[in-house]
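The values are calculated or read from the model by the stated rules, or taken from the named source; none is laboratory data. Because the structure is a prediction, the values reported are computed rather than measured. Here the Cβ is made from the backbone with ideal geometry for all residues, glycine too, and neighbour counts use every protein chain on show.
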Amino acid sequence: MACVNDSMKASFDVIVVGGGHAGAEAAHAAARMGARTLLVTMSLQAIGQMSCNPAIGGIGKGQIVREIDALGGLMGRVADRTGIQFKMLNRRKGPAVWSPRCQSDRMAYAAAVRQELEAQPNLFFRQDMATDVLTEPGPDGRPWVVGIRTQTDQTFRASYVILTSGTFLNGTIHIGRKTYGGGRAGERAAVGLSASLEALGFEIGRLKTGTPPRLDGRTIDTSACDEQPGDDTPRPFSFMTEALPERTVSCWLTYTNDRVHELLREGFAESPMFAGRIQGRGPRYCPSIEDKIDRFAGKDRHQLFLEPEGLDTYEVYVNGFSTSLPEATQLAALRQVAGLENVHLLRPGYAIEYDYFPPHQVRYSLETKRVAGLFFAGQINGTTGYEEAAAQGLMAGINAALKLRNDEPLVLGRDQAYIGVLIDDLVAKGTDEPYRMFTSRAEHRLLLRQDTADQRLTRLGHELGLATDERRTRLDAKEAALAETIDRLHATAVTPEQVNGYLEAVGTAPITEPTRLNRLVLRPEVTLADLLDATGRRDLAVPLPGLEPVEELAETALTYAGYLEREREMVAQMQSLERYRVPDGFDFAAVQAITLEAREKLQQIRPDTLGQASRISGVSPADVSALMVLLKKHRQPAGDGASAEAEPAA
Ligand SMILES: Cc1cc2nc3c(=O)[nH]c(=O)nc-3n(C[C@H](O)[C@H](O)[C@H](O)COP(=O)(O)OP(=O)(O)OC[C@H]3O[C@@H](n4cnc5c(N)ncnc54)[C@H](O)[C@@H]3O)c2cc1C
């Protein structure tokens, strides 16, 4: 591990504050792109720590991990190395929403992140707490970041600073009536930084999240629970993974019941949430168990997934039982659950409140609007989840390194990546509750399938110097093999004798004349792999590098070709709005032709383009039309969108 000495204090290009999921990706990306980078974090042991569930991916999130990997980031490779159960979620739905997920070995995951970072030249480490962001007046009148000061009174100078402080800023932990400062169980809260940012004029907010208790697995009776094994043919996150770990585990499903709900309700009087001691808003889609039984009072049971925390520990995470009720209530209620009658608690569940900075204060590059050279990434921007944090960290690291090279920032479009959707939602709409990704947030889901992340992003990652040559070569090989397979399917016809037995067996009409395979695969009952097996034409499938099955990819490409075409047309229409750039300093408040709500929102968020303006809640299509007329008066949109800046309205 490269440590810092006195002579280095003035010599960094990028400082990353925080070694969580955002910080790890930011530091890795910036260093790999050639920036001399310092990672300052409160505990070196806690680098890459999973604060809550021992799992990576899931619906909407798995796609993000694939994209991080395609660009050359860390998360996918680390998740593959340390996964203990792999599943493709949403298999019963269309491939547009298939979402990879894995259970992780929590300790192995954090250790692997640290190993990856330590193997990175250009990356230096310092265990310390940043307390102040240091700035100097810049040539544009704004403060420019010049470094940080730490709790140990050290000053580190750098051209760019990326803050990824997660749940730590003025963190307050709640369990029943007990309240104390902390950034995560067993770790201190970070103090000083919020005040420093407020003094620089940043708007601050408070959010809340919670975590379930952890149980002693030796005291669980799994025979009373339903086994939840992983997939028989597990799929990796990383496009580079050749083999997944062989040792895997099952999870277990059990349920709450009326008695559990009754006991939990008895604890409500001591609930920090119901008693109003927690002010911050919690994640809507990840409610606590007390919230669930309160809001869905008619529901007589809720699922609880018992998830092992690793291969070499008996600690078990109770997914679905996030709570901040008193510890005694937690235990009494859990002991009423089938399989948990004799359970021992290793760690109680708790809630945490922390400071965040509403994300309308950052640009698409994640650089703050208020302080030049200062970036925010991860939970500090109001998101929740490892994947959302890692994606932002990656983009902030890339953009700090690009800025160092005097290059334009990398901004991914909503039609290009879930990462683009995430950042656009944050910047254009802001958030006042913890934001998590879902496939439903993406309007171009079909273009953003998990299996195409490399085709969408690896060339970009390679040009940036982040994705390796080997990764790029693999992509070329994959595309060639896929195209060849599809060509062969177009060129090969099968006879009724060859295929009718299979067609009838899967419940679809037999054919009466030779028919090409690319036509047959369009039938919903047919899968390409089975079709090739049934007709003895497996030889048509050209194997892809890695663990991806070419039959699945070719089938999806053929089945969705028409829809994809339509989707691309829609994207082109939307992009015309992106070409209308809003000049800096444009006075939305002075535009009488739009509603008061639109004026207020636009003035607060200050969109860069009309496209961004159109996605702000409260801005109607009529407002967009009025703005377009106004912007058009000054200049026509440019063909490539690069220089289409309109002048401010008089
Ligand atoms: C109790 C709890 C429950 C959660 N529940 C869920 C959930 O149900 N679902 C979900 O998706 N996500 C949940 N999360 C959130 C998830 O853990 C985060 O979204 C994710 O870890 C955020 O990543 P991050 O990199 O932004 O921050 P973190 O992972 O929190 O990492 C922040 C890092 O910054 C360091 N740091 C902070 N301030 C300073 C400073 N001033 N100086 C130096 N270092 C600093 C910390 O030491 C830490 O290493 C939960 C988190 C907690 C704590």
| task | Return yes or no: is Arg126 more than 14 Å from the ligand (Cβ to nearest atom), basic (Lys, Arg) and either over 29 Å from Pro212 (Cβ atoms) or assigned to a helix (DSSP H, G or I) (or both)? | result | no
| task | Name the residue, out of Ile68, Ile64, Ile59, that is among the aliphatic types (A, V, I, L, M) and touching a Lys or Arg at 6+ places or on another chain (Cβ under 9 Å). | result | Ile59
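With the condition kept exactly as written, say whether any residue in segment 422-443 is among the hydrophobic types (A, V, I, L, M, F, W, C), surrounded by fewer than 23 Cβ atoms within 10 Å (Cβ to Cβ) and within 16 Å of the ligand (Cβ to nearest atom).
Applying the first criterion (among the hydrophobic types (A, V, I, L, M, F, W, C)) to segment 422-443 yields 422-423, 426-428, 437-438, 442.
Filter once more, keeping what is surrounded by fewer than 23 Cβ atoms within 10 Å (Cβ to Cβ): 438.
Right, trim to within 16 Å of the ligand (Cβ to nearest atom) and you get 438.
The answer is yes, given that some residue of segment 422-443 is among the hydrophobic types (A, V, I, L, M, F, W, C), surrounded by fewer than 23 Cβ atoms within 10 Å (Cβ to Cβ) and within 16 Å of the ligand (Cβ to nearest atom).
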| query | Looking at this structure, is Arg188 in contact with a Lys or Arg (Cβ under 8 Å, 6 or more places away or on another chain), touching a residue at least 40 places away in the same chain (Cβ under 8 Å) and basic (Lys, Arg)? | reply | no
| task | Test Thr222 against the criterion of being over 30 Å from Thr254 (Cα atoms), hydroxyl-bearing (Ser, Thr, Tyr) and out of contact with any Gly (no Cβ under 6 Å at 6 or more places or on another chain), and give yes or no. | result | no
| task | Filter segment 345-381 down to the residues that are among the basic types (Lys, Arg) and assigned to a loop (DSSP other than H, G, I, E, B), then identify the one that is nearest to the chain's Cα centre (by Cα). | result | Arg363
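Here is a yes/no grid of residues against (1) in contact (Cβ under 8 Å) with a residue 24 or more places away in the chain; (2) more than 22 Å from the chain's Cα centre (by Cα); (3) under 21 Å from Ile162 (Cβ atoms):
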site	(1), (2), (3)
Gly393	yes, no, yes
Asn399	yes, no, yes
Gln416	yes, no, no
Val427	yes, no, yes
Arg445	yes, no, no
Glu463	no, yes, no
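Any residue in segment 576-585 that is touching a residue at least 60 places away in the same chain (Cβ under 8 Å), aromatic (Phe, Trp, Tyr), assigned to a loop (DSSP other than H, G, I, E, B) and more than 26 Å from Met240 (Cα to Cα)? Full working, then the answer.
Start the filter on segment 576-585 by keeping residues that are touching a residue at least 60 places away in the same chain (Cβ under 8 Å), which leaves 576, 578-583, 585.
With aromatic (Phe, Trp, Tyr) added as a condition, the list becomes 580.
Of the ones still in play, those that are also assigned to a loop (DSSP other than H, G, I, E, B) are 580.
Adding the requirement that they be more than 26 Å from Met240 (Cα to Cα) leaves 580.
Looking for residues that are touching a residue at least 60 places away in the same chain (Cβ under 8 Å), aromatic (Phe, Trp, Tyr), assigned to a loop (DSSP other than H, G, I, E, B) and more than 26 Å from Met240 (Cα to Cα), one finds at least one in segment 576-585, hence yes.
Picking from Glu548, Glu597, Glu569, Glu525, which residue would you name as being farther than 19 Å from His360 by Cβ and not assigned by TED's automatic domain parsing to the domain that holds Thr508? Show your work before the answer.
Details: Glu548 fails: not assigned by TED's automatic domain parsing to the domain that holds Thr508; Glu597 fails: farther than 19 Å from His360 by Cβ; Glu525 fails: not assigned by TED's automatic domain parsing to the domain that holds Thr508.
Within the list Glu548, Glu597, Glu569, Glu525, the selection yields Glu569.
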| task | Could you figure out which of (1) within 15 Å of the ligand (Cβ to nearest atom); (2) surrounded by fewer than 22 Cβ atoms within 10 Å (Cβ to Cβ); (3) of a type in the set (Ser, Thr, Tyr) isn't true of Ser159? | result | (1)
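Okay, residues lined up against (1) within 27 Å of Ala401 (Cβ to Cβ); (2) of a type in the set (Gly, Ala, Ser); (3) in a loop (DSSP other than H, G, I, E, B):
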position	(1), (2), (3)
Cys52	no, no, yes
Ile59	no, no, yes
Gln85	no, no, no
Arg92	no, no, yes
Cys102	no, no, no
Met107	no, no, no
Ala110	yes, yes, no
| task | Considering every residue within segment 328-344, establish whether at least one is within 16 Å of the ligand (Cβ to nearest atom), in a strand (DSSP E or B) and buried (at least 24 other Cβ atoms within 10 Å of the Cβ). | result | no
| request: Please work out if Ala467 is within 20 Å of Arg77 (Cα to Cα), part of a loop (DSSP other than H, G, I, E, B) and not basic (Lys, Arg). | output: yes
| request: Can you confirm whether segment 244-254 contains a residue that is buried (at least 16 other Cβ atoms within 10 Å of the Cβ), of a type in the set (Lys, Arg) and either part of a loop (DSSP other than H, G, I, E, B) or more than 16 Å from the ligand (Cβ to nearest atom) (or both)? | output: no
| Quick check: is even one residue across segment 382-391 modelled with pLDDT of 95 or more, within 16 Å of the ligand (Cβ to nearest atom), among the aliphatic types (A, V, I, L, M) and assigned to a loop (DSSP other than H, G, I, E, B)? | no
| message | What are the pairs with Cβ atoms under 6 angstrom where one residue, in segment 71-100, is within 21 Å of Ala396 (Cβ to Cβ) and modelled with pLDDT of 95 or more and the other, located anywhere, is surrounded by fewer than 21 Cβ atoms within 10 Å (Cβ to Cβ) and not acidic (Asp, Glu)? Sequence gap at least six, or different chains. | response | Val78/Ala112
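Within the group Val133, Val146, which residue is assigned to a strand (DSSP E or B), in contact with a helix residue (DSSP H, G or I) (Cβ under 7 Å, 6 or more places away or on another chain) and closer than 23 Å to Leu193 by Cα?
Details: Val146 fails: in contact with a helix residue (DSSP H, G or I) (Cβ under 7 Å, 6 or more places away or on another chain).
Checking each option against the conditions leaves just Val133.
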| Quick one: would you say Gly378 is on the phi > 0 side of the Ramachandran plot and touching a Lys or Arg at 6+ places or on another chain (Cβ under 6 Å)? | no
| For segment 51-70, which residues satisfy the criterion of being away from the ligand (no atom under 11 Å from the Cβ) and of a type in the set (A, V, I, L, M, F, W, C)? | Ile59, Ile64, Val65, Ile68, Ala70
| When Ala529 is evaluated against the numbered criteria (1) part of a helix (DSSP H, G or I); (2) buried (at least 20 other Cβ atoms within 10 Å of the Cβ), which criterion, by number, is the only one it fails? | (2)
| said: Whether any residue in segment 214-231 is within 16 Å of the ligand (Cβ to nearest atom), within 30 Å of the chain's Cα centre (by Cα) and surrounded by 14 or more Cβ atoms within 10 Å (Cβ to Cβ) is what I want to check. | reply: yes
| field | The lone exception for Val40 - which of (1) within 13 Å of the ligand (Cβ to nearest atom); (2) under 13 Å from the mean Cα position of the chain (by Cα) it fails | value | (2)
| message | With the requirement that a residue be within 8 Å of the ligand (Cβ to nearest atom), in contact with a Phe, Trp or Tyr (Cβ under 8 Å, 6 or more places away or on another chain) and at pLDDT 95 or above, what does segment 185-208 give you? | response | Glu187, Ala190
